[in-house]
Amino acid sequence: MSLDSKIPEGPIADKWTNHKNNIRLVNPANKRNIDVIVVGTGLAGGSASATLAELGYNVKAFCYQDSPRRAHSIAAQGGINAAKNYQGDGDSTYRLFYDTVKGGDYRSREANVYRLAEVSANIIDQCVAQGVPFARDYGGLLDNRSFGGVLVSRTFYAKGQTGQQLLLGAYSAMNRQIAKGKIQMYNRHEMLDVVIVDGKARGIIARNLVTGEIERHSAHAVVLASGGYGNVFFLSTNAMGSNVTAAWKAHKKGAYFANPCFTQIHPTCVPVHGAQQSKLTLMSESLRNDGRIWVPKKKEDAEAVRKGTLKPTDIKEEDRDYYLERRYPSFGNLVPRDVASRAAKERCDAGYGVVDNDTKEGVFLDFASAITRYGKEEANVKGVENPTDAQIKEMGKKVIANKYGNLFDMYKNITAEDPYETPMRIYPAVHYTMGGIWVDYNLMTTVPGLYATGEANFSDHGANRLGASALMQGLADGYFVLPYTIGDYLADDIRTGPIPTDSKAFDEAEKKVKDEINSFLNIKGSKSVDYFHKKLGQIMWNKVGMSRNEQGLKEAIKEIAELRDQFYKDVRVPGSGDEMNAELEKAGRVADFLELGELFARDALEREESCGGHFREEYQTEEGEALRRDDEFTYVAAWEYTGNPSEAILHKEELNYENIELKTRSYK
Amino acid sequence: MSADKAINITLKVWRQKNADAKGALETYKLDGVSTSSSFLEMMDQLNEQLINEGGSPVQFDHDCREGICGSCNMYINGQPHGPASLNTTCQLHMRSFKDGDTIYVEPWRAKAFPVIKDLVVDRSAFDRIQQAGGFVSVNTSGNTQDANAIPIEKDNADMAFDAATCIGCGACVAACKNASASLFVAAKVSQYALLPQGQVEAKDRVLNMVKQAQKEGFGPCSNTGACEVECPKGISLENIARMNREYLAASLSK
């Protein structure tokens, strides 16, 4: 099958408007006869469910958590981008578009990104109308801050809890429709397969996680808003339950999986503490507005810091290496995430890490100079003449607490170090996956009637996502894109009537799900699911992580396949299938990660260039920067499942840059 | 990170097979717990030990492990989310405990939060309260007015935000001798009461949400303030006062 991205004709600024004017609509009376399933209730799924229900469709929404409000969008901290230009600093739809394409290292689809930038301003209007309490300044208007990889302030925020506030906004919109009966909410349900009837996605098989019952649900279309697959690394900033299962089952039923190797390793996370570590915690990128990143210039200082015999605050200014400011003077600490992460790895690999763990990996994120700067400003504002250093520090700390208080508290909680007094220690961690299910301009996958939105799809962030753009994309897809594009497809279904669940396709899908569950329970091996998940994570992090090479990737592919064999021989899943059973849930998810991981490594092997978050050691400039190979690799790698992850077939969607010139990304 | 050491502890954990079964505290010994581990990582370690011994792991709710999703809900040594203040269970660390400690772990106890299994309870009553009025009736259009069309006084915006940071974990209910959901309901009522966007439906909202909370079996508020003390997000008792004012005004004018 050839890939048709269905990008509308015409100039880029008119494409979305023209497309909306030309696609088919479903009459309000007919919408009442059409059912849509939405899997996942984060920003993408929650907003889509609410909007589809407002339009009149019957929505069935599913989440594995005990409430839709708990989806992991809730943990997003820093903010959401929108081209409002409220700060008058030269922002525009084009600039947001340009920054996103450049930030993604020219591996995203222009038309989708432009549309994202175009609807970004509507998102802020919509959320304010819902009562989302964004940060405001003293004049009562909305405040903004800046994020990495851009030169304007376009990020709207609610302290360090922007994701929470936006998700609760979408949740409130869902609640209104649940109360009306337009959304049927299935909490504590996990989708375990998509059902294809006559070539179209017509339903799902889901497990009720309380009773263990396997249920059939039908609809005229299925939307996957099930998030990313960062947990293939075991340790990531994702929630413990975040998984690839919905996306992977769809892949196995014919949805192509695009750019699986494009993973974002976020530069500022709390470092690993030890073997019992279950997940990693992000410290928002917004901290890089005010925090300066450094390591000691002298290796002996780094060693003394690790041993605890030297305090970082005792290291003199001239003995500190502010390596981002040194290497990238124009963007400094606000370079994009992939660049910042690699720079941290480079310093730690060279022996300058400041954390006393197995790998000695960590760098400082220091707020001392910001505290002094803000303290002086406050002294001026408050008319304190000749303030003492102590007064300045006190006032400065208050300003910092106001901006980042909850993050500082969280950091102190986890590490028992006070970041107001001593620099934070941070290190990169897996955070987001730009890759995902391939979709066309309408967000439809290669399976008719099966859609993917938010982090679950691949389309907008190329090889690297800019900060504060995940929330933007989730809500753009769910509020403003999918609800319209899906109508074009559903227009054919106004006379179809309810989809029966007693067909052969449902029988087969249900049987397969039940068989798989029984197979996990019957292995009765000697090792827990977590044992295998941790092993997989180690392979992924060491060989398919921040820096990759041909030999390591080949080894990873082999090791993952071997680990998968071992899993099916020796995993121990206690309990039964007809009860609440967290180990059984994990077994299913890890089984899928064990397949995805192999495809992931294969994709990284195939892409013989460095771009964004994908860094191949063989392809770098003399200065160690990523070396893209546009002649050969300006395409989306869309993989077709054939029964074995290592035998997937590669399809290429060529990327055409008509509005932005392909350039080597420079943040120097 | 640096003062990491290992402790040995005894756990008394509530085990209950399902909603209808009778539960009981079981005793487990757990050695070599790193003081840098979070409480839930300690529970992972217990479960790993149980699985390896051929036992049945303890079921508990958790997800983000960053203190924001509101999933985790353990009643630890008689306190919701354990000894540390302004903290969720997932953000409680084992450095809060000493070698040789005995730690009691129970589920939330409230009629409106029935136990599903072990430490997992059903908090869907909270969702139904939100469905009764925790929203502004605005459709998605892209044509609502510009976000800056109505300036909002910073103090009100900040207070609305503080109320809106409720994570819906239910610690307030677990802490309350009446199992009242007043702080939870008040947080949402307050958020909208402080914003111009919430004014249009303010009266129906407070009446309907309070009514639903009663229907779910949550108790009345007797202003003890235990909820505020135990709330991991520090939601202020002032919100309950604001809700009561809103409720009174709405009752008189409806």
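Restricting the search to the range A:85-113, which residues are surrounded by fewer than 24 Cβ atoms within 10 Å (Cβ to Cβ), of a type in the set (S, T, Y) and in a helix (DSSP H, G or I)?
A:T93, A:Y94, A:Y98
I want to confirm something. Restricting to the range A:207-250 and keeping residues that are in contact with a His (Cβ under 8 Å, 6 or more places away or on another chain) and of a type in the set (S, T, Y), which single residue is farthest from the other protein chains (Cβ to nearest Cβ)?
A:S236
Can you find a residue in the range B:67-81 that is of a type outside the set (A, V, I, L, M, F, W, C), surrounded by fewer than 23 Cβ atoms within 10 Å (Cβ to Cβ), more than 22 Å from the chain's Cα centre (by Cα) and not assigned by TED's automatic domain parsing to the domain that holds B:P232?
No, because not a single residue in the range B:67-81 is of a type outside the set (A, V, I, L, M, F, W, C), surrounded by fewer than 23 Cβ atoms within 10 Å (Cβ to Cβ), more than 22 Å from the chain's Cα centre (by Cα) and not assigned by TED's automatic domain parsing to the domain that holds B:P232.
Test B:C69 against the criterion of being within 20 Å of A:T415 (Cα to Cα), within 11 Å of another protein chain (Cβ to nearest Cβ) and at pLDDT 95 or above, and give yes or no.
It is false that B:C69 is within 20 Å of A:T415 (Cα to Cα), within 11 Å of another protein chain (Cβ to nearest Cβ) and at pLDDT 95 or above.
When the range A:120-139 is examined, which residues are found to be within 22 Å of the chain's Cα centre (by Cα), at the interface with chain B (Cβ under 7 Å from one of its Cβ atoms) and aliphatic (A, V, I, L, M)?
The answer is A:I124, and nothing else.
Do the conditions hold for B:N223, that is, is it more than 16 Å from the chain's Cα centre (by Cα) and under 19 Å from B:A193 (Cα atoms)?
No; evaluated as a whole, the condition is false for this residue.
Output the residue which, of all residues in the range B:133-144 that are more than 7 Å from chain A (Cβ to nearest Cβ) and not hydroxyl-bearing (S, T, Y), is surrounded by the most Cβ atoms within 10 Å (Cβ to Cβ).
If we take residues in the range B:133-144 being more than 7 Å from chain A (Cβ to nearest Cβ) and not hydroxyl-bearing (S, T, Y), then B:G133 is surrounded by the most Cβ atoms within 10 Å (Cβ to Cβ).
Kindly indicate whether B:M94 is in contact with a Ser or Thr (Cβ under 8 Å, 6 or more places away or on another chain), in contact (Cβ under 8 Å) with a residue 24 or more places away in the chain, away from every other protein chain (no Cβ under 11 Å) and not charged (D, E, K, R).
No.
Mind listing just one residue for me: the one in the range A:212-225 that is of a type in the set (G, A, S) and part of a strand (DSSP E or B) and, of those, surrounded by the fewest Cβ atoms within 10 Å (Cβ to Cβ)?
Result: A:S218.
Go through (1) under 30 Å from A:K102 (Cα atoms); (2) over 31 Å from the mean Cα position of the chain (by Cα) for A:D314 and report which single condition fails.
(1)
Select from the range A:140-167 the residues that are assigned to a loop (DSSP other than H, G, I, E, B) and closer than 25 Å to B:A187 by Cα and write down the one among them that is nearest to the other protein chains (Cβ to nearest Cβ).
Per the criteria, the residue is A:G140.
So, A:L536, is that one surrounded by fewer than 22 Cβ atoms within 10 Å (Cβ to Cβ) and outside the structural domain of A:N21 (by TED's automatic domain parsing) or not?
No.
For the range A:432-464, how many residues are in contact with a Cys (Cβ under 9 Å, 6 or more places away or on another chain) and of a type outside the set (S, T, N, Q)?
Adding up the residues that qualify gives 3.
Taking the criterion of being in the same structural domain as A:G203 (by TED's automatic domain parsing), crowded, with 24+ Cβ neighbours inside 10 Å, within 20 Å of B:R65 (Cα to Cα) and within 14 Å of the chain's Cα centre (by Cα), would at least one residue in the range A:243-254 satisfy it?
Looking through the range A:243-254, at least one residue is in the same structural domain as A:G203 (by TED's automatic domain parsing), crowded, with 24+ Cβ neighbours inside 10 Å, within 20 Å of B:R65 (Cα to Cα) and within 14 Å of the chain's Cα centre (by Cα).
Could you go through the range A:222-239 and let me know if any residue there is in contact with a Phe, Trp or Tyr (Cβ under 8 Å, 6 or more places away or on another chain) and farther than 28 Å from A:A604 by Cβ.
yes
For the range A:578-604, give me each residue that is basic (K, R) and more than 14 Å from every other protein chain (Cβ to nearest Cβ). Write out each step before concluding.
Let us first name the residues in the range A:578-604 that are basic (K, R), namely A:586, A:589, A:602.
The one that is basic (K, R) and more than 14 Å from every other protein chain (Cβ to nearest Cβ): A:R602.
Can you tell me how many residues within the range B:1-56 are small (G, A, S) and within 30 Å of A:N357 (Cβ to Cβ)?
Result for the range B:1-56: 8.
Based on what the data block shows, is B:V185 under 29 Å from A:G140 (Cβ atoms), crowded, with 20+ Cβ neighbours inside 10 Å, assigned by TED's automatic domain parsing to the domain that holds B:A132 and in contact with an Asp or Glu (Cβ under 6 Å, 6 or more places away or on another chain)?
On the way: under 29 Å from A:G140 (Cβ atoms): yes; crowded, with 20+ Cβ neighbours inside 10 Å: yes; assigned by TED's automatic domain parsing to the domain that holds B:A132: yes; in contact with an Asp or Glu (Cβ under 6 Å, 6 or more places away or on another chain): no.
No: the conditions fail for B:V185.
Per-residue answers, yes or no, for (1) more than 21 Å from A:R69 (Cα to Cα); (2) part of a helix (DSSP H, G or I); (3) of a type in the set (D, E); (4) without any contact (Cβ under 8 Å) to a residue 40 or more places away in the chain:
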site: A:C127; (1), (2), (3), (4): no, yes, no, no
site: A:G169; (1), (2), (3), (4): no, yes, no, no
site: A:R176; (1), (2), (3), (4): no, yes, no, no
site: A:A179; (1), (2), (3), (4): no, yes, no, yes
site: A:M185; (1), (2), (3), (4): no, no, no, no
site: A:V210; (1), (2), (3), (4): no, no, no, no
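Within the range A:257-278, is there a residue that is under 23 Å from A:K403 (Cα atoms), surrounded by fewer than 24 Cβ atoms within 10 Å (Cβ to Cβ) and touching an Asp or Glu at 6+ places or on another chain (Cβ under 8 Å)?
No; the residues of the range A:257-278 include none that is under 23 Å from A:K403 (Cα atoms), surrounded by fewer than 24 Cβ atoms within 10 Å (Cβ to Cβ) and touching an Asp or Glu at 6+ places or on another chain (Cβ under 8 Å).
Regarding the range B:10-31, can at least one residue be identified that is within 9 Å of another protein chain (Cβ to nearest Cβ), in contact (Cβ under 8 Å) with a residue 12 or more places away in the chain, surrounded by fewer than 19 Cβ atoms within 10 Å (Cβ to Cβ) and over 27 Å from A:M580 (Cα atoms)?
Checked the range B:10-31: no residue is within 9 Å of another protein chain (Cβ to nearest Cβ), in contact (Cβ under 8 Å) with a residue 12 or more places away in the chain, surrounded by fewer than 19 Cβ atoms within 10 Å (Cβ to Cβ) and over 27 Å from A:M580 (Cα atoms).
Any residue in the range A:532-552 that's farther than 16 Å from A:A626 by Cβ and modelled with pLDDT under 95: show its pairings with residues that are of a type in the set (D, E, K, R) and surrounded by fewer than 19 Cβ atoms within 10 Å (Cβ to Cβ) at Cβ separation under 6 Å, as long as the two are six or more apart or on different chains.
none
Given (1) closer than 18 Å to A:M444 by Cα; (2) surrounded by fewer than 23 Cβ atoms within 10 Å (Cβ to Cβ), where does A:G228 come up short, assuming only one miss?
Here A:G228 meets the rest and fails (2).
Residue by residue through the range B:114-131, note down the ones that are facing another protein chain (nearest Cβ under 7 Å) and either among the polar types (S, T, N, Q) or assigned to a loop (DSSP other than H, G, I, E, B) (or both).
Of everything in the range B:114-131, those that are facing another protein chain (nearest Cβ under 7 Å) and either among the polar types (S, T, N, Q) or assigned to a loop (DSSP other than H, G, I, E, B) (or both) turn out to be B:R123, B:S124, B:Q130, B:Q131.
The values are calculated or read from the model by the stated rules, or taken from the named source; none is laboratory data. These numbers were taken from a predicted model, which means no experiment stands behind them. All Cβ positions, even for glycine, are placed from backbone atoms using ideal geometry, and neighbour counts span all protein chains on display.
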